[in-house]
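Single-structure report; data block below.
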Amino acid sequence: MCRLNKYQLSKEFTHYIGIPPIEYLIHFRINTAKRLLRYSNKSVKEIALDVGIADTPYFNRLFKRKTEMTPLAYRRNG
């Protein structure tokens, strides 16, 4: 059993991984979305749901903030 509270766990995670847990999760989601955009025919809405983001406009903003292009632009240029 882990005896760390959520703040201690977050601090330890950041210490060992180098980024906070939420940033790690976002990075994982964006990388997964990139792969799906490149290698699947799923819609952006489906991909957003697949990576755990139910709000498609938020997914689009997050993707653009992290990659400097929209999901559709990434798919076209990928």
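Brief remarks follow.
- The residues listed here are ASN60, ASN31, ASN41; of these, the one that is within 9 Å of the chain's Cα centre (by Cα), without any contact (Cβ under 8 Å) to a residue 60 or more places away in the chain and farther than 22 Å from LYS6 by Cα is ASN31.
- Considering TYR24, TYR39, the condition of being at pLDDT 95 or above and out of contact with any helix residue (DSSP H, G or I) (no Cβ under 9 Å at 6 or more places or on another chain) is satisfied by TYR39 alone.
- Looking only at segment 45-57, and only at residues there that are on the phi < 0 side of the Ramachandran plot and touching a residue at least 12 places away in the same chain (Cβ under 8 Å), the one that is farthest from the chain's Cα centre (by Cα): THR56
The values are calculated or read from the model by the stated rules, or taken from the named source; none is laboratory data. Since this is a predicted model, take the numbers as computed values, not measurements. With ideal geometry, Cβ positions are generated from the backbone for all residues, glycine too; neighbour counts draw on all protein chains shown.
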